Amino acid sequence: MIQAKVGTRLKREYRKLQVHTTLDYGATVPMAQYSVFDNFGTLREVMQVRFPQDGQPELHHFVGDSKIPNPTFESDQLIEGLQFGWNELSLAFLWWPNAKTIDRGYTKARQTFIVDIPVPGEVKLPYQKIRVHIDQREKFIYKAIAYHEQNGPIREIEANRLMKIDNLWMVKDIEIKAWPGPIKTVVTVEDVKRNEQSLPLHESQPVPESPPGE
């Protein structure tokens, strides 16, 4: 379980939320669940992503403490009136097909692969593709930018701080920007549990690398 706080600065207010993420990839049907609470701890929304052995991931959305199923849920639905949605919070684009590595890059002193992922035709979103910058060695995401063909970037997800858990790199701080504006949201991981036991969170950075070609 990953517990994080979310802060968004809007025009005249600063909104706070909490997000609890549960990952159960060892279940009979592997599942990821994202629960959004308001700043007072009241459950507002839940989204489950189930990964059947055959077929595409299944999204299930529930509303409120009673977890009422929402049959009209769409993946472009914004979270609690903020300027980003479940697709960005859950990194759902990592499950989409037809990703293509288009170049090599250099991000935060590390060599990266640059990968374009088109939005599948059945997915309703206000953009056509996402460009992802992935660390070549450690394979985690530094940045993902959602593009509209005519209007340029619409949303951007960027890893600001990193940490290491059991030799696995993980994001400590994520910044989400949404245009026009931009409106900025910061997601900060505060606790990670495995089997109900909190794990030590060691903030760190991978060893810097030389730019490609040097």
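Things worth noting here:
- Taking the chain and dividing mean pair separation by its residue count, relative contact order in percent (alpha carbons under 8 Å, at least six apart): 16
- GNM top mover of 183, 68, 114 - the chain, alpha-carbon springs below 10 Å: 68
- Highest average first, the peptides 8-16, 194-202, 140-148 ordered by how many other beta carbon atoms sit within 10 Å of their residues are 140-148, 8-16, 194-202.
- Of 53, 128, 111, the one that fluctuates the most in a GNM where the chain has Cα springs shorter than 10 Å: 53
- Total charge dipole magnitude, the chain, about the Cα centre, Cβ charges on Lys, Arg, Asp, Glu only, Debye to nearest 20: 480
- DSSP-loop GluC sites (Glu not before Pro) across the stretch 46-97, with at most 15 other Cβ within 10 angstrom: 74, 80
- When 139, 164 are arranged by Cβ crowding within 10 Å, least crowded first, meaning fewest neighbours, the order is 139, 164.
- The gain in end-to-end length when the residue 165 to residue 203 segment is fully stretched comes to 12.7 nm, 0.36 nm per residue minus the alpha carbon separation.
- Think of the chain as having a plus end and a minus end, set by charges on the Cβ of Lys, Arg, Asp and Glu; of 109, 165, 6, 109 sits farthest toward the positive end of this dipole.
- Net +/- balance of residues flanking residue 64 in space, Cβ distance below 15 Å, scoring K and R +1, D and E -1: -2
- Other residues within the sphere of radius under 12 Å centred on the Cβ of residue 33, judged by their own Cβ, net out at 0 (K and R +1, D and E -1).
Readers should treat all values here as calculations from the given coordinates under stated rules, not as data from a laboratory. Everything numeric here is computed off the predicted structure, so don't read it as measured data. Here Cβ is always computed from backbone atoms with ideal geometry, including for glycine, and neighbour counts include all displayed protein chains.
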